[in-house]
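The values are calculated or read from the model by the stated rules, or taken from the named source; none is laboratory data. Model, not experiment: these values are computed from the prediction. In this analysis, Cβ positions are derived from the backbone assuming ideal geometry, glycine residues included, and neighbour counts consider all displayed protein chains. Quick note on the areas: whole protein, heavy atoms, side chains included, nothing else; ligands and nucleic acids left out. Shrake-Rupley method; radii C 1.70, N 1.55, O 1.52, S 1.80 Å.
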2 protein chains.
Amino acid sequence: MTKPREVVIIGGVAGGMSAATRLRRLDEHARITVLERSGHVSFANCGLPYHVGGVIEDREALLLQTPASLRERFDLDVRVSHEAVRIDRERRVVVSRDLTTGTEREHPYDALVLSPGARPVRPPIPGIGRALTLRDIEDTDALVAATAGARSATVIGGGFIGIELAENLVRRGLRVTVVEATDQVMAPLDPEMVTPVHDRLREHGVHLRLGVSVAEIGADTVTLSDGSTAPAELVVAAVGVRPETALAEAAGLEIGPAGGIAVDPTLRTSDPAIWAVGDAVEKRDGLTHEAVLVPLANTANLQGRMVADLICGRPARLRDVNGTAIVGVFGLQVATTGWNEKRLRAAGRPYRAIHVHPNAHAGYYPGAEQMALKLLVDPVTDAILGAQGVGTDGVDKRIDVISTAMAGGLTASELAGLELAYAPQFGSAKDPVNMLGYLAENLADGVTRTVQWHELADRMAAGAVLLDVRTPAEHAAAPIPGSVLVELDTLRDRLDEIPPGPVIVHCGVGLRAHTAARLLAQHGFDVANLDGGHRTWQAGVR
Amino acid sequence: MTKPREVVIIGGVAGGMSAATRLRRLDEHARITVLERSGHVSFANCGLPYHVGGVIEDREALLLQTPASLRERFDLDVRVSHEAVRIDRERRVVVSRDLTTGTEREHPYDALVLSPGARPVRPPIPGIGRALTLRDIEDTDALVAATAGARSATVIGGGFIGIELAENLVRRGLRVTVVEATDQVMAPLDPEMVTPVHDRLREHGVHLRLGVSVAEIGADTVTLSDGSTAPAELVVAAVGVRPETALAEAAGLEIGPAGGIAVDPTLRTSDPAIWAVGDAVEKRDGLTHEAVLVPLANTANLQGRMVADLICGRPARLRDVNGTAIVGVFGLQVATTGWNEKRLRAAGRPYRAIHVHPNAHAGYYPGAEQMALKLLVDPVTDAILGAQGVGTDGVDKRIDVISTAMAGGLTASELAGLELAYAPQFGSAKDPVNMLGYLAENLADGVTRTVQWHELADRMAAGAVLLDVRTPAEHAAAPIPGSVLVELDTLRDRLDEIPPGPVIVHCGVGLRAHTAARLLAQHGFDVANLDGGHRTWQAGVR
Ligand SMILES: Cc1cc2nc3c(=O)[nH]c(=O)nc-3n(C[C@H](O)[C@H](O)[C@H](O)COP(=O)(O)OP(=O)(O)OC[C@H]3O[C@@H](n4cnc5c(N)ncnc54)[C@H](O)[C@@H]3O)c2cc1C
Ligand SMILES: Cc1cc2nc3c(=O)[nH]c(=O)nc-3n(C[C@H](O)[C@H](O)[C@H](O)COP(=O)(O)OP(=O)(O)OC[C@H]3O[C@@H](n4cnc5c(N)ncnc54)[C@H](O)[C@@H]3O)c2cc1C
Ligand SMILES: CC(C)(COP(=O)(O)OP(=O)(O)OC[C@H]1O[C@@H](n2cnc3c(N)ncnc32)[C@H](O)[C@@H]1OP(=O)(O)O)[C@@H](O)C(=O)NCCC(=O)NCCS
Ligand SMILES: CC(C)(COP(=O)(O)OP(=O)(O)OC[C@H]1O[C@@H](n2cnc3c(N)ncnc32)[C@H](O)[C@@H]1OP(=O)(O)O)[C@@H](O)C(=O)NCCC(=O)NCCS
């Protein structure tokens, strides 16, 4: 019998433990050691905020496996409270330190897997020592303990985790302030898409402080860069995460341009005996193939499983990533995939933006809620570059469908032809995703032209007439300044009222104005539709 | 100015009216006439059962447009209660009859669009004259009227519409019997997938009479083929629909092998001046490219819009169809796409079946409900052939994702790598669809072998040992007869207890048994996993 393969895995959660279990299934005889610095393995990181909020009441529910259960089922040697402190690449040995005893020990390996994850950034603010962060069970316990008796909390950072925390601290009855240095929460959303998220947070009592930063953390308040203060018996820092690269760096492994451990498409680091996965490594962007950091559980789990295959000599190759993500915000679903407009613009990449506000299911069936969906399209190839969705229902489905379409290489126009399951409770005969396809096709074919919400003012200043084709009541209730009302159903008879020169039509969401635009275009007008209608414009300019 | 294009459209609902509105947007100057036999156009067929049940209370909500609104907005000449009775292809004229006055009239056309839909089949049963059917608003009104005062109803046919009707008649307080000649409702589901649907219907008081047919319809009962009777103050026939081809046939247009109007990939009938769309036409099957009937709204709407483009000389080409469909059954979501196992087997096509029972979202987050998902895979190409899902939550999403993957030509194994939006309320780090991909990959790579529920008895009879690796409590509560219990977590130490020869392992859903199977295989056993575990087996054998 040949000598069993010795595998050491550093990090015992999403990537690391997925690697360990798959490895065992592929190689019953391997000796597999998992080193985990914290006191727990296989825990549900993504559930931690919800335990803080009491939604997941039972702490045990977060612990999917224990060292004992992993020993029994998978014959894994799992050591919690064991930090990997050094990698001796020449001797192929990892040195661990038992954090309870301080004892160091060597673990020889044939293959080493790094899945150390990422660590929360602690911004260098005076008083930051008092701020808590959230990454593991210990952090969660500390946070739960700290909420007891506290009446106020300030969350620094309006990213996914910051927002989840804000919601859950509100659930705990705290007065919550979120301080975000940029002028919006959730950077993956474009500004006009984030407006309903801001609204939702405020409706639920979250105090949003945008465009300011925390200058100093005091005893029970924080002082902001504009001199104001916010109550903060509790302070949580959630300003993002940085790959855990210290150990890899110390071992002389290559760190990539984005600051993560560099791996090739087979997850090998610059040392062929060392693989790395998860939040700690750089991925390749789906659009540019450049190195990016995408700290998400789906990818970490996938890579963890894949690395086991690769170690066992089975073929596997990484896909580029789009970073599909979702977060719940007081019942609102906020999901994204691929690139957003800000990023495309900053990169100087041409794109088309499309906004729709369809119902999650047929409008004639009770309970239909409108969502906002945005699609970004390559104007030359018609490729889907990204999408964003915000709404109370069915946003997850549409973003997953679009993400899948991207994986399958479907063009934006091809979304029109997707066969999506329709009954009135679940969708529409023209599903929101189909509708995006129709709009994309119309733009690609030149059937219609659109103006974006942020272009409107300039166009009007340059002389374009803005025509509101909604009903008089809608117009009266919420006009766009400078617009002229000609209701769609009367338009054909009132063409002579429309002044010469460029016309921009708008309605509530863009649908009626599309019909108006086609009508006018065929009567010789130079016309464009205000993309997403009043709703997108309103969300953008606010 | 050139003479405006004259277009006549027969049928004013999904396909016909989508054609009319798009046509107007493409050609402001066309003269567009829509002939509709019933008293209404643009109504929500798919909502009709829910109006019967009172879920959609307001009848007006079903009427998305009226002739007047379509005149105003789209300048359409819409004539309800006008039946197209004859097509004179030589003179390019349609003859309509005003059903209220009996007056006939000619409508010349340059282009004619047929979107006459399908009509409910009326089985030739003595007494059928009393049976109602459901296709349009008039039918709905009649049905609503008939439910008033009625205490019992028998629905003939357990297809999608029959089941929707059963649910809605229960909502009306009627005692409902569904009579279905085959031994299951919802033919698109395989037998082991339909079990929870049968359960659900029975739990809600629906009397399912499977494997019998209606022999005679009496005054307030029906007599079944086994001599029994069912109360039936109301009788509804829902045994499927047949394309409305009479007019086309009379005009000498080609009817295809599946019994629908034959069209080419540009929706042209055998007469180049006549196009046809929707339920009345044959589509091409996604798998075999053969002619099939797929009477669904998504496709009808798509084709309606497309035919307008084609008439205007714009390029467009039909895709083959997979027939993605969904129906709600007392809160259960039942969805399918592509082919099922029955059909594959009948066609002699090789396939692999995969069953999983994942949670709709992370198990550690409250409210996670298990669903049943089945994937059918081509064993040679790894192509996805079809999928079925049943559950209370998130089934629609998974079927749409799989349908999209099929459209994008992704293989079953590639489902593993899909980036699906994950937060604990919405999915899992390994989403159900990813999980299907993992299983497909394991089968494709020979990492695992499976036995299907319907193969188990034969395998055991031939000497295979069935090993239950669940806990003793699970085994005791619901054993598979003849199985031997060796709990997974003790398996490694008890290998000597396992008799030689072929072993089949099983657990609750297949997951633990997968780990057991890998363990045993590497210890030299000839082992296979019972696909879908106890749950699929149980659903299948019942
Ligand atoms: C609060 C929170 C909410 C989240 N919500 C979501 C969500 O909703 N959706 C989503 O997709 N993703 C979410 N994520 C991200 C997701 O959890 C990560 O992408 C995923 O866990 C990364 O897996 P990983 O194996 O790379 O790292 P981790 O799962 O973080 O595991 C790394 C482990 O390595 C250990 N470690 C590090 N260095 C050493 C060392 N030197 N020695 C020994 N052990 C070491 C760490 O203690 C850690 O436990 C969330 C994360 C957090 C913290
Ligand atoms: C009760 C019910 C529930 C349904 N639920 C769903 C669902 O949940 N999901 C789904 O995808 N699909 C569903 N469908 C199917 C869907 O409604 C059809 O696929 C779709 O309407 C087909 O469009 P069509 O234009 O081909 O035919 P239709 O929408 O039926 O329109 C055809 C019209 O043509 C008219 N007509 C026929 N012959 C003539 C003539 N000679 N002269 C003038 N007019 C004529 C008819 O009166 C009819 O109104 C359901 C159908 C019904 C009846
Ligand atoms: C759970 C964990 C220990 C991995 O365990 P695992 O046994 O590999 O994974 P799962 O329980 O998800 O099951 C997946 C395996 O079961 C198989 N499987 C799943 N359902 C199956 C079924 N019905 N029949 C047969 N096999 C099945 C899959 O194919 C896969 O096996 P494979 O890798 O050999 O192909 C690891 O992912 C972990 O620690 N997760 C918690 C941390 C985490 O993910 N955090 C971030 C998100 S909160
Ligand atoms: C509703 C009906 C009259 C069609 O009207 P329609 O105006 O073509 O269709 P919709 O209201 O769905 O809108 C789709 C159009 O608006 C455009 N559109 C939708 N949202 C838009 C937005 N936000 N901005 C710009 N354009 C938009 C689409 O591109 C499409 O136009 P196009 O065909 O020129 O590309 C017809 O489908 C019908 O009668 N339906 C009811 C019957 C039925 O479908 N039954 C079966 C299911 S219950």
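For the range A:215-247, name all the residues that are more than 21 Å from residue A:136 (Cα to Cα), out of contact with any Pro (no Cβ under 8 Å at 6 or more places or on another chain) and open to solvent by less than 20 Å² (accessible area, probe 1.4 Å).
Once the filter is applied, which keeps residues that are more than 21 Å from residue A:136 (Cα to Cα), out of contact with any Pro (no Cβ under 8 Å at 6 or more places or on another chain) and open to solvent by less than 20 Å² (accessible area, probe 1.4 Å), the range A:215-247 yields A:222, A:224, A:230, A:232.
Quick one: which strands (runs of 3 or more DSSP E) lie wholly within the range A:82-123 and hold at least 3 residues that are of a type in the set (Asp, Glu), more than 36 Å from the chain's Cα centre (by Cα) and at pLDDT below 95?
Once the strands (runs of 3 or more DSSP E) in the range A:82-123 are filtered for at least 3 residues that are of a type in the set (Asp, Glu), more than 36 Å from the chain's Cα centre (by Cα) and at pLDDT below 95, nothing remains.
Only one of A:30, A:14 is free of Cβ contacts under 8 Å to residues at least 60 places away in the same chain, closer than 22 Å to residue A:303 by Cα and either open to solvent by 10 Å² or more (accessible area, probe 1.4 Å) or more than 9 Å from ligand 1 (Cβ to nearest atom) (or both); which?
Answer to the check: A:30.
Show the residue pairs meeting these rules: Cβ distance below 9 Å; 6+ apart or different chains; first residue within the range B:59-71 and more than 10 Å from every other protein chain (Cβ to nearest Cβ) and more than 9 Å from ligand 4 (Cβ to nearest atom); second residue acidic (Asp, Glu) and open to solvent by less than 30 Å² (accessible area, probe 1.4 Å).
So the pair list comes out as B:67/B:36.
How many residues does the range B:415-437 contain that are facing chain A (nearest Cβ under 10 Å) and assigned to a helix (DSSP H, G or I)?
The total comes to 6.
Is it the case that some residue within the range B:74-97 is farther than 23 Å from residue B:248 by Cβ and away from ligand 3 (no atom under 16 Å from the Cβ)?
So far as the range B:74-97 goes, yes, one or more of its residues are farther than 23 Å from residue B:248 by Cβ and away from ligand 3 (no atom under 16 Å from the Cβ).
Just for the range B:25-56: of the residues that are more than 18 Å from residue B:80 (Cβ to Cβ) and part of a helix (DSSP H, G or I), which one is farthest from ligand 3 (Cβ to nearest atom)?
The residue in question is B:26.
Limited to the range B:266-287, what total is found for residues that are polar (S, T, N, Q) and in contact (Cβ under 8 Å) with a residue 24 or more places away in the chain?
2
Do we have residue B:358 as within 16 Å of ligand 3 (Cβ to nearest atom) and crowded, with 24+ Cβ neighbours inside 10 Å here?
Yes, satisfied.
Can you tell me which residues in the range B:479-494 are open to solvent by 30 Å² or more (accessible area, probe 1.4 Å) and either of a type outside the set (Val, Ile, Thr) or touching a residue at least 24 places away in the same chain (Cβ under 8 Å) (or both)?
B:479, B:481, B:482, B:485, B:487, B:489, B:492, B:493, B:494
Among what's in the range B:72-98 and is at the interface with chain A (Cβ under 9 Å from one of its Cβ atoms) and open to solvent by 30 Å² or more (accessible area, probe 1.4 Å), pick the residue that is nearest to residue A:427 (Cα to Cα).
B:73
For the range A:17-45, give me each residue that is within 13 Å of chain B (Cβ to nearest Cβ) and more than 22 Å from residue A:58 (Cβ to Cβ).
If the condition is that a residue be within 13 Å of chain B (Cβ to nearest Cβ) and more than 22 Å from residue A:58 (Cβ to Cβ), then A:18, A:20, A:21, A:22, A:23, A:24, A:25, A:26, A:27, A:28, A:29, A:30 are the ones that fit.
Tell me the residue from A:412, A:405, A:440, A:387 that is open to solvent by less than 10 Å² (accessible area, probe 1.4 Å) and either more than 16 Å from ligand 4 (Cβ to nearest atom) or within 7 Å of chain B (Cβ to nearest Cβ) (or both), please.
When all the criteria are applied, what remains is A:405.
In this structure, is residue B:227 away from chain A (no Cβ under 14 Å), more than 16 Å from ligand 1 (Cβ to nearest atom) and touching a helix residue (DSSP H, G or I) at 6+ places or on another chain (Cβ under 7 Å)?
No; evaluated as a whole, the condition is false for this residue.
Only one of (1) out of contact with any strand residue (DSSP E or B) (no Cβ under 7 Å at 6 or more places or on another chain); (2) open to solvent by 20 Å² or more (accessible area, probe 1.4 Å); (3) modelled with pLDDT of 95 or more; (4) more than 9 Å from chain B (Cβ to nearest Cβ) fails for residue A:293. Which number is that?
Only one criterion is unmet by residue A:293, namely (1).
Identify, please: which residue in the range B:1-24 is away from ligand 2 (no atom under 15 Å from the Cβ) and in a loop (DSSP other than H, G, I, E, B) and is, among those, farthest from residue B:168 (Cα to Cα)?
Ranking the qualifying residues of the range B:1-24, first place goes to B:1.
Going through A:178, A:235, A:222, A:194 one at a time, which residue ends up being under 30 Å from residue A:452 (Cβ atoms) and in a strand (DSSP E or B)?
Of the residues listed, the single one that is under 30 Å from residue A:452 (Cβ atoms) and in a strand (DSSP E or B) is A:178.
Condition first: out of contact with any Pro (no Cβ under 9 Å at 6 or more places or on another chain) and under 25 Å from residue B:376 (Cα atoms). Can you find one or more residues in the range B:175-182 that meet it?
Taking every residue of the range B:175-182 in turn, at least one turns out to be out of contact with any Pro (no Cβ under 9 Å at 6 or more places or on another chain) and under 25 Å from residue B:376 (Cα atoms).
Could you count how many residues in the range A:305-338 are farther than 16 Å from residue A:388 by Cα, more than 10 Å from every other protein chain (Cβ to nearest Cβ) and either within 12 Å of the chain's Cα centre (by Cα) or not in a loop (DSSP other than H, G, I, E, B) (or both)?
Total meeting the criteria: 4.
What number of residues in the range B:118-176 are within 16 Å of ligand 4 (Cβ to nearest atom) and either more than 18 Å from residue B:54 (Cα to Cα) or among the small types (Gly, Ala, Ser) (or both)?
Adding up the residues that qualify gives 4.
Going residue by residue through the range B:262-274, is there one that turns out to be assigned to a helix (DSSP H, G or I), open to solvent by less than 30 Å² (accessible area, probe 1.4 Å) and at pLDDT 95 or above?
no
Kindly establish whether residue B:320 is at pLDDT 95 or above, among the acidic types (Asp, Glu) and touching a Pro at 6+ places or on another chain (Cβ under 6 Å).
no
Mind listing whichever residues of the range A:100-152 are open to solvent by 70 Å² or more (accessible area, probe 1.4 Å), in contact with a Lys or Arg (Cβ under 8 Å, 6 or more places away or on another chain) and in contact (Cβ under 8 Å) with a residue 60 or more places away in the chain?
Within the range A:100-152, A:119, A:151 qualify.
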